[in-house]
Each structure stands twice: as structure tokens, then as C-alpha cells.
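Participant: There's a structure below that I have some questions on.
The values are calculated or read from the model by the stated rules, or taken from the named source; none is laboratory data. These numbers were taken from a predicted model, which means no experiment stands behind them. Cβ placement follows ideal geometry from the backbone for every residue including glycine, while neighbour counts extend to all protein chains displayed.
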Amino acid sequence: MVKKAVCLISGGIDSCVTAYLAKSEGYEIYALSFNYGQRHMKELASSRAISSAVRANEHIIFDIDLKKFGGSSLVDRSITTPDHPLEEIGKSIPTTYVPARNTVFLSIALTYAEVLDADAIFIGVTATDYAGYPDCRPQYIEAFQKMADLATKRGVEGNSIKINTPILHLSKADIIRKGLELGAPFEKTWSCYHGEQKACGRCDSCLLRLKGFKEIGSRDPIKYEFLPDWYLK
């Protein structure tokens, strides 16, 4: 019997590796991405490329305008995106936190999964490198699983849709290492908070990505406007 999984694909490394892990476990992939009013569309272009590469059966880009609420530098250009020294990243909740975003995304994924009669939802949250996001913590995932069990027909009938977070406790370096083992197309991914031709190499997301590649002794295949000295050594 074919197993189905809804995979949330944002376009970054974490969701890319998560989708490839789901594929390696024998799931038929149904990709779900969100056009939620984010600062640029490059990540959606990457999500399409990843979905194609992982041979998803379907890729839905769901429109939801979180710009109407604001509250995050990812949806409100009047708020500055973080540009912290590497050692300061994760010490506080950053401006890139979009209020309740994972709850919104997972709820829509849950609807999609139940319609598909899917067995699982895969989401690439990680609590190790970027502990500043409250909706990336293990406690949050556990709470959402309980809610999903209570709120769905499958859950009530004892056939729960499992919320899978295979990289939750992995460092960025371990995530990249796992992706390389699986043949994940990192050259198709996008992590930068800015949507220019090249990644900036300065924002928090770029620094975490570069740190991961540096730690495993590998070079990031995407192009950067700037590379920190510690990466080039």
C-alpha cells in the first residue's frame, strides 16, 4: 500500500532535506508551499524546483496574505531583517518570527492531508541552530500532534496523521550532511532573507547556512554577494 505524505516545502535547505527524507522512507510526496506575503518570491521559485526534483505527485502553492497583519520583518518591509554576529543568533526571538506561522501552515497541511487520506505531514522545523522561534520547539510539535488527533476524522478513528519532524534535533551541519547523502539539490535552494540575484551572505539565515557548510568542510553551491572571512579560511 502506498504511503502518502504532505511535505511543507519553503525553498530552503531544511525543507528540502525533509522532503528527501520523506521520499527515502517510501512516501509519495504531495508538496505544499505558501505565498503568504513574504518579502520576495525567490523561495517559491526554489520550492517549485525542489518539488520537481523530489518528484512530488502534486505541488500546491497556497495563497494567504499575512501582510494584512504584519508583525514580522518577513512580511513588513518597515521592520528590519536581522543581521547579527553569528554568536548572537538564536539568543532572542528575531524580527523574522512570523506570529503563529507554523500553526497556520500546519493547519492547512492537516486539511490537505485529510483530503488526500495521507498518513503523515513532514515539516522541516529545527530547534538546534535557531532556538529563537517558539513554533520550532519539540513541545510545540507535541501539542500540535495532540490537537491534530482531536480535530480530524482520522484521529478520532484511531488512524492519526503523524506530524513528522525528522531534522528537529539536528544541527545545520548535520542537516546538510544528511542532504548530501540523499542527493538533495542544494543548488536549487534559497535561504537568504533578501531576494536578489545572489544571497547576501550577511543576514542571519545566510550565516547559519554558511556555518553548516563550513563545519562539514563543504562549499555552498549557491552564489553570494559577500562571504565572511571565517568561511573562506
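Participant: Name the residues in region 156-202 that are part of a strand (DSSP E or B) and more than 13 Å from the chain's Cα centre (by Cα), would you?
Facilitator: Lys162, Ile163, Ala199
Rundown of residues vs (1) touching a Cys at 6+ places or on another chain (Cβ under 7 Å); (2) under 25 Å from Gly212 (Cβ atoms); (3) in contact (Cβ under 8 Å) with a residue 24 or more places away in the chain; (4) among the small types (Gly, Ala, Ser), yes/no style:
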{"residue": "Asp119", "(1), (2), (3), (4)": "no, no, yes, no"}
{"residue": "Tyr133", "(1), (2), (3), (4)": "no, yes, yes, no"}
{"residue": "Asp149", "(1), (2), (3), (4)": "no, no, no, no"}
{"residue": "Thr152", "(1), (2), (3), (4)": "no, no, yes, no"}
{"residue": "Lys162", "(1), (2), (3), (4)": "no, no, yes, no"}
{"residue": "Thr165", "(1), (2), (3), (4)": "no, yes, yes, no"}
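Participant: With Asp63, Asp129, Asp119 as the choices, which residue is at pLDDT 95 or above and either surrounded by fewer than 16 Cβ atoms within 10 Å (Cβ to Cβ) or within 29 Å of Tyr231 (Cα to Cα) (or both)?
Facilitator: On the way: Asp129 fails: at pLDDT 95 or above; Asp119 fails: either surrounded by fewer than 16 Cβ atoms within 10 Å (Cβ to Cβ) or within 29 Å of Tyr231 (Cα to Cα) (or both).
Exactly one residue qualifies, and that residue is Asp63.
Participant: Restricting region 135-147 to residues that are free of Cβ contacts under 8 Å to residues at least 24 places away in the same chain and charged (D, E, K, R), which is farthest from Pro99 (Cα to Cα)?
Facilitator: If we take residues in region 135-147 being free of Cβ contacts under 8 Å to residues at least 24 places away in the same chain and charged (D, E, K, R), then Lys146 is farthest from Pro99 (Cα to Cα).
Participant: Tell me yes or no: at least one residue of region 53-63 is within 17 Å of the chain's Cα centre (by Cα) and in contact (Cβ under 8 Å) with a residue 60 or more places away in the chain.
Facilitator: Yes, some residue in region 53-63 is within 17 Å of the chain's Cα centre (by Cα) and in contact (Cβ under 8 Å) with a residue 60 or more places away in the chain.
Participant: Looking at region 3-38, which of the residues that are assigned to a loop (DSSP other than H, G, I, E, B) and within 13 Å of the chain's Cα centre (by Cα) is farthest from Cys136 (Cα to Cα)?
Facilitator: In the first step, residues of region 3-38 are kept if they are assigned to a loop (DSSP other than H, G, I, E, B); the result is 9-12, 25-26, 36-38.
Filter again for within 13 Å of the chain's Cα centre (by Cα), leaving 9-12.
Values: Ile9: 15, Ser10: 15, Gly11: 17, Gly12: 15 Å.
The selected residue is Gly11.
Participant: If Ile93 passes every condition in (1) touching a helix residue (DSSP H, G or I) at 6+ places or on another chain (Cβ under 9 Å); (2) under 22 Å from Cys206 (Cβ atoms); (3) surrounded by 14 or more Cβ atoms within 10 Å (Cβ to Cβ); (4) of a type outside the set (Phe, Trp, Tyr) but one, which one does it miss?
Facilitator: Condition (3) is where Ile93 drops out.
Participant: Related question: Tell me which residues, restricted to region 74-106, are under 17 Å from the mean Cα position of the chain (by Cα), under 19 Å from Glu43 (Cβ atoms), part of a loop (DSSP other than H, G, I, E, B) and touching a residue at least 40 places away in the same chain (Cβ under 8 Å).
Facilitator: Answer for region 74-106, where residues must be under 17 Å from the mean Cα position of the chain (by Cα), under 19 Å from Glu43 (Cβ atoms), part of a loop (DSSP other than H, G, I, E, B) and touching a residue at least 40 places away in the same chain (Cβ under 8 Å): Leu74, Pro94, Thr96, Val98.
Participant: Being in a loop (DSSP other than H, G, I, E, B) and at pLDDT below 95 is the filter; apply it to region 132-155 and report the residue that is surrounded by the most Cβ atoms within 10 Å (Cβ to Cβ).
Facilitator: Ranking the qualifying residues of region 132-155, first place goes to Tyr133.
Participant: Then there is this: Restricting to region 187-220, what's the tally of residues that are within 19 Å of Arg39 (Cα to Cα), in contact with a Phe, Trp or Tyr (Cβ under 8 Å, 6 or more places away or on another chain) and aliphatic (A, V, I, L, M)?
Facilitator: So the count comes out to 1.
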